[in-house]
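The values are calculated or read from the model by the stated rules, or taken from the named source; none is laboratory data. Just so it is clear, the model here is predicted, and its values are computed rather than measured. Cβ coordinates were reconstructed from backbone atoms using ideal geometry, including for glycine residues, and neighbour counts include every protein chain displayed.
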Amino acid sequence: MKKLSNIELFNGITGKLFAVLYQNFPKKTEIKSSTFLEDFIDPNDFDGAFDMPEMTVATLEWLDKAGYIWLEKPQYYGGENTAILSPKGLEALKSIPDSIGKTLGEKILDFSKEKFSEGMNQIVKIAISEGIKLILKP
């Protein structure tokens, strides 16, 4: 498995997270900082394994601040975050771009069943863009 850049890790974690939250909507979902570790880090990459929980939490916090999810931080150090899709996140995942033919949420669910791929990377970029378009609508 090749070492992923921070942007690829962000997109991969976002895709896996969106898939879990989309499947569980409207229920709040617990997310551990190590939830997606095996999907992105080679078992022999000890540095990557050490950095992955920090990257997961940073991704959760960015998605919360950007309005894609509603995040509840843990009550104690080492606890689990709880998240749910926000209206913006849900609408972005329910959109159906012409080039795809399925909702973004359905497509992300398809890609989430495997390890990180360029397809997941691209579909998450589209989902983030769709969320931005929702903000910019008059």
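Taking the range 80-97 on its own, how many of its residues are in a helix (DSSP H, G or I) and farther than 14 Å from Ser129 by Cβ? Residues that pass the stated criteria total 3.
Of the residues making up the range 98-117, those that are modelled with pLDDT of 75 or more and either surrounded by 14 or more Cβ atoms within 10 Å (Cβ to Cβ) or in a helix (DSSP H, G or I) (or both) are Thr103, Leu104, Gly105, Glu106, Lys107, Ile108, Leu109, Asp110, Phe111, Ser112.
Here Ser33 does not fit the description of being among the polar types (S, T, N, Q), modelled with pLDDT under 90 and under 17 Å from Ile126 (Cβ atoms). Any residue at all in the range 62-70 that is surrounded by 17 or more Cβ atoms within 10 Å (Cβ to Cβ), hydroxyl-bearing (Ser, Thr, Tyr) and in contact with a strand residue (DSSP E or B) (Cβ under 9 Å, 6 or more places away or on another chain)? Yes - at least one qualifying residue is present in the range 62-70. For the structure I just gave you, tell me whether Glu91 is among the acidic types (Asp, Glu) and surrounded by 14 or more Cβ atoms within 10 Å (Cβ to Cβ). Yes, satisfied. Identify the residue in the range 11-30 that is among the aliphatic types (A, V, I, L, M) and surrounded by fewer than 23 Cβ atoms within 10 Å (Cβ to Cβ) and, among all such residues, is nearest to Gly131 (Cα to Cα). The extreme case among them is Ala19. Within the range 67-97, restricting attention to residues that are at pLDDT 85 or above and of a type in the set (Gly, Ala, Ser), which residue is farthest from Phe18 (Cα to Cα)? The residue in question is Gly67.
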